[in-house]
Structure formats: C-alpha cells, structure tokens
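Here's the structure, in structure tokens; my notes come after.
The values are calculated or read from the model by the stated rules, or taken from the named source; none is laboratory data. Since we're looking at a predicted model, the values are computed, not measured. Cβ placement follows ideal geometry from the backbone for every residue including glycine, while neighbour counts extend to all protein chains displayed. The protein model used for the area step is the full one, side chains on, heavy atoms only, and it has no ligands, DNA or RNA in it. Shrake-Rupley method; radii C 1.70, N 1.55, O 1.52, S 1.80 Å.
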Amino acid sequence: MRLSPTGRSRNLEDRRGARARPVGLGLGGMLILLVIGYCAGINPLTLIGVANQAQQAAPGSGEAAPVTDAAEEPMVLFLSGVLDDAQKFWASEFSRSQRTYRDATLVLFRDLTQTACGYGESASGPFYCPGDEKVYVDLGFYEELKTRFGAPGDFAQAYVLAHEIGHHVQRLTGTEEQVRGFQRQRPDQANQVSVLLELQADCYAGMWGKSAAQRGLMEPGDLEEGLGAAAAVGDDRLQRQQSGTVNPDAFTHGTSEQRMQWFRRGFDSGNAASCDTFGGCS
C-alpha cells in the first residue's frame with residue numbers, strides 16, 4: 001500500500017509493555033476462607049473457588065513498561081495509518097445517511113490482556129470487543145499470518161484490521177446487537193448467523209479497499225494479498241490444518257471461498273447495500 005502514516009494514531013492504545021498479573025487468593029486468604037468455611041459449615045473449597053472467580057473477573061491494572069521494539073515500529077505506524085484511513089472512510093459513509101460515526105480504538109498487546117469481553121489471548125487472533133468498542137491485536141499474529149497461513153503482504157495485514165473495523169460498524173448500526181439477541185433466542189442457529197456476521201465484516205473490509213484503490217493507495221498485487229488473507233482464515237482451511245477434517249456445523253466465520261467472495265463483493269461495489277449477508281434470512 002502507498003499509505004504514508006504521519007505517526008501513531010490518537011486511537012491507538014499500546015499495551016505491549018504491560019503484563020497481566022496472575023490472580024489468586026494467596027496463602028493468607030485461603031486460611032481465612034478455611035476458618036470461615038469450618039465455622040459456617042460450608043465446604044472451604046467452594047468458597048475458594050467462588051473467591052478466585054470473583055478476582056479473575058475484576059479489573060487488573062498490570063504493570064506498564066515502555067515499548068522500545070524498533071523492529072515492530074514500522075508495523076505499528078502502518079496499522080495506525082490503516083486504522084485512521086478506514087475510520088475516516090466510515091465517518092464519510094455514515095455522514096451520507098445523516099449518522100455519526102464513533103471511532104474505535106486499536107489496542108496492541110502481547111500474550112494476554114483484559115477487555116470488556118473478558119481476557120483476550122494472542123491465541124484467539126485479532127478480535128473486536130463491542131463492550132468497549134476496541135480492536136485487540138497481538139502483532140505476532142501477522143508473522144503467523146505470513147508463515148503459518150501463507151498470506152504475506154501489507155494489504156493482507158490491512159484486510160485483517162479492516163475486517164475488525166467492520167465489526168465496529170456492525171456495532172454502531174445495531175447489527176451486532178440484533179445478531180446476539182437472535183443467538184440467545186435461537187442457540188441452534190448461533191453458528192449460522194455468526195458466519196453471516198463475519199462475512200458482512202469481510203464485505204465492509206472490501207468496501208474500504210475499493211475506496212483505497214480509488215484514491216491511489218493500493219499497489220499491484222494488493223487485492224490478491226487481501227483475497228489470500230481472506231482465504232487463509234476460512235473455517236474449512238483452518239479446520240483442515242488443525243485436524244485434517246472439515247465440520248461445516250462448527251463453522252463460525254465462513255469458508256475460504258465465502259470469505260473471498262464477500263470481500264470481493266464489497267470491493268467491486270463499494271456499496272453497503274451489497275453487503276447484506278442476512279438477506280432472505282428468517
């Protein structure tokens with residue numbers, strides 16, 4: 001891409017220098033609960049389990065430390081540029097329909113971090129939390145995207161972030177809330193509608209890609225990089241890599257073909273109306 005970032009985005013939160021503190025009662029706390037349990041006739045193990053769950057659910061501050069990883073800084077600046085450009089695009093799209101776009105925050109972390117949706121882990125890959133309207137990314141994922149999933153290139157990285165911003169758009173439009181409500185009412189169809197939600201986010205990522213292309217920000221091969229990344233994270237491909245088999249009933253994001261198709265649809269049309277993955281659903 002031909003992005004020229006001017007610095008770190010104001011919507012970037014860098015937690016790479018923080019480490020989550022292990023939570024637990026400690027010896028003193030356990031002794032107190034043992035006494036309470038004995039006097040009250042309650043199994044002390046029950047009390048200890050409840051107390052540990054409460055501590056794990058409580059906010060933790062972690063210990064911040066300066067991040068001086070020069071090797072990662074170019075990627076930080078690139079993602080800052082993608083973040084700002086994508087959100088500027090969506091702010092313009094929202095204004096056309098007399099709505100106000102609210103910026104999401106990109107959080108960079110390592111290994112483990114706390115979110116409004118619970119603890120986020122690197123193993124989960126990039127994700128969006130609607131509770132705090134933040135996108136969480138461990139930069140190590142991008143190396144994995146290139147080496148493990150075979151999807152190199154800066155636009156592959158941009159696609160991933162644009163997809164997560166697509167989820168933020170769904171949050172602002174109310175789509176995400178409607179889907180979660182439907183999933184609570186119809187748990188038997190939870191996976192199916194999850195796939196539709198993810199494919200729409202792919203289509204939204206494609207819409208931003210078209211805007212970037214129209215503004216001369218894309219280079220030859222960028223579109224192929226985005227399509228390659230979409231294919232790399234298809235449910236069928238991931239399942240086949242992990243277990244050698246494919247179980248469509250367990251799909252939550254869509255097949256490689258579906259993800260490429262919807263990303264391309266958004267890219268070709270540049271129109272949100274073409275991203276109605278839920279059309280015809282009852």
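The table below lists the values:
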{"item": "Residue within the range 222-242 that is open to solvent by 50 Å² or more (accessible area, probe 1.4 Å), out of contact with any Phe, Trp or Tyr (no Cβ under 7 Å at 6 or more places or on another chain) and part of a loop (DSSP other than H, G, I, E, B) present", "result": "no"}
{"item": "Residue list for the range 89-131, restricted to those being surrounded by 14 or more Cβ atoms within 10 Å (Cβ to Cβ), closer than 28 Å to K210 by Cα and among the charged types (D, E, K, R)", "result": "E93, D103"}
{"item": "Residue tally, condition more than 13 Å from D268 (Cα to Cα) and small (G, A, S), over the range 203-225", "result": "2"}
{"item": "Selection within the range 243-282 - among the aliphatic types (A, V, I, L, M) and either at pLDDT 95 or above or open to solvent by 50 Å² or more (accessible area, probe 1.4 Å) (or both)", "result": "V246, M260, A272, A273"}
{"item": "Odd one out for F149, checked against (1) without any contact (Cβ under 8 Å) to a residue 40 or more places away in the chain; (2) outside any helix (DSSP H, G or I); (3) surrounded by fewer than 23 Cβ atoms within 10 Å (Cβ to Cβ)", "result": "(1)"}
{"item": "Contacts under 8 angstrom Cβ, first residue in the range 1-13 being open to solvent by less than 100 Å² (accessible area, probe 1.4 Å), partner modelled with pLDDT of 95 or more and assigned to a loop (DSSP other than H, G, I, E, B), 6 or more apart", "result": "M1/L217; M1/M218; M1/E219; L3/L217; N11/D103; N11/A104"}
{"item": "Options G166, G181; residue that is at pLDDT 95 or above and surrounded by 17 or more Cβ atoms within 10 Å (Cβ to Cβ)", "result": "G166"}
{"item": "Yes/no for A156 being open to solvent by less than 30 Å² (accessible area, probe 1.4 Å) and modelled with pLDDT of 95 or more", "result": "yes"}
